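Take a look at the structure set out below.
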Amino acid sequence: MSCALSHRKYKNYNSNIMDTIDRIKKYISEKGISENDFASKLGILQRSVNYYLKRTQKPSFEFIEKTISVFNVNPNWLLTGEGEMEKSEIKADYSDFRKNGYTPYYSELLVSAGDYDLAAIEQKEEPSSYLKIPGVVANYWFPIIGCSMEPKIFPGDTIGAVLMEKWDRVEPDKTYLVITRDQRMVKHLVVDEESTDFLWAVSENYPKFKVYKDEILRIFRVVWAGRLV
């Protein structure tokens, strides 16, 4: 069951998704893209696109992620309405940004504060842009789409994350980005008192579940979360 449909407190979240649909309609209208061409490029049925755009069916996270991945639409604008409609081109070399304290922002690697399959970081050829927030030391930046960490982290927020070299010890009051073989999730992590085979993934409003250590590829500690303006 989708967390966005499980309780009335997600009314604002559903509203945000519908606002995103309105912005998709605006984008394809201004770009002169037909529903059929839009669906074809996304690799989904045209009738599904029609249902989404007419608001007769709630869009999936996959639909939103594919729209950002396939088209030159700015994810921050699409999810929040802020910023320019299209992605800006990055012309400077990464090393120049690195020297000045900037770190990569992967706009197409939408991280779910829920469960959602995403491409691995290593598969991205280059970041979408680079960010620098005074006083924040982060290795990577990612946008959020899920709602299970509300009210701490909201859909449309951005997180800054630091790679953990060792994660045999985790702090339950900290927030982590966990990358497994087929999932990306933002959760609190808790060590089990009896077993060393798994960690408990805990969120603000979603049932806790086990994440087995042999399935974990990377763990990042979230050092910053908020809305970029």
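The values are calculated or read from the model by the stated rules, or taken from the named source; none is laboratory data. Just so it is clear, the structure is predicted and the values come from calculations on it, not from any experiment. So basically every Cβ, Gly included, is an ideal-geometry build from the backbone, and we count neighbours across all protein chains shown.
Only residues that are surrounded by 21 or more Cβ atoms within 10 Å (Cβ to Cβ) and either more than 11 Å from S128 (Cα to Cα) or at pLDDT 75 or above (or both): list them for the stretch 77-117, please. Within the stretch 77-117, L78, L79, T80, T103, P104, Y105, L110, V111, S112, A113, G114 meet the criteria. Checking each residue in the stretch 192-209 for being in a loop (DSSP other than H, G, I, E, B) and either small (G, A, S) or not assigned by TED's automatic domain parsing to the domain that holds W167 (or both) picks out S195, S203.
Whenever a residue of the stretch 55-83 is over 11 Å from P143 (Cβ atoms), its partners that are among the β-branched types (V, I, T) and in a helix (DSSP H, G or I), lying with C-beta atoms within less than 7 angstrom and at least six residues away or across chains, give the pairs R55/I21; K58/I17; P59/I17; P59/I21; T67/I24; V73/T67.
Taking the conditions (1) buried (at least 17 other Cβ atoms within 10 Å of the Cβ); (2) of a type in the set (F, W, Y); (3) under 23 Å from E62 (Cα atoms) in turn, W224 satisfies each one other than (3). Restricting attention to the stretch 132-149 and to residues that are modelled with pLDDT of 85 or more, hydrophobic (A, V, I, L, M, F, W, C) and assigned to a loop (DSSP other than H, G, I, E, B), the residue that is nearest to P207 (Cα to Cα) turns out to be A138. With respect to K152, determine if the residue is in the same structural domain as F220 (by TED's automatic domain parsing) and modelled with pLDDT under 80. For K152, the condition - in the same structural domain as F220 (by TED's automatic domain parsing) and modelled with pLDDT under 80 - is not met. In the stretch 203-217, the residues that are more than 21 Å from S148 (Cα to Cα) reach residues that are surrounded by 15 or more Cβ atoms within 10 Å (Cβ to Cβ) and of a type in the set (S, T, Y) with C-beta atoms within less than 6 angstrom, at least six apart or across chains, in these pairs: E215/T180.
Do we find that T67 is outside any helix (DSSP H, G or I) and at pLDDT 70 or above in this structure? Here the answer is no, as T67 does not meet what is asked.
Does any residue of the stretch 172-188 turn out to be buried (at least 21 other Cβ atoms within 10 Å of the Cβ) and basic (K, R)? Taking every residue of the stretch 172-188 in turn, at least one turns out to be buried (at least 21 other Cβ atoms within 10 Å of the Cβ) and basic (K, R).
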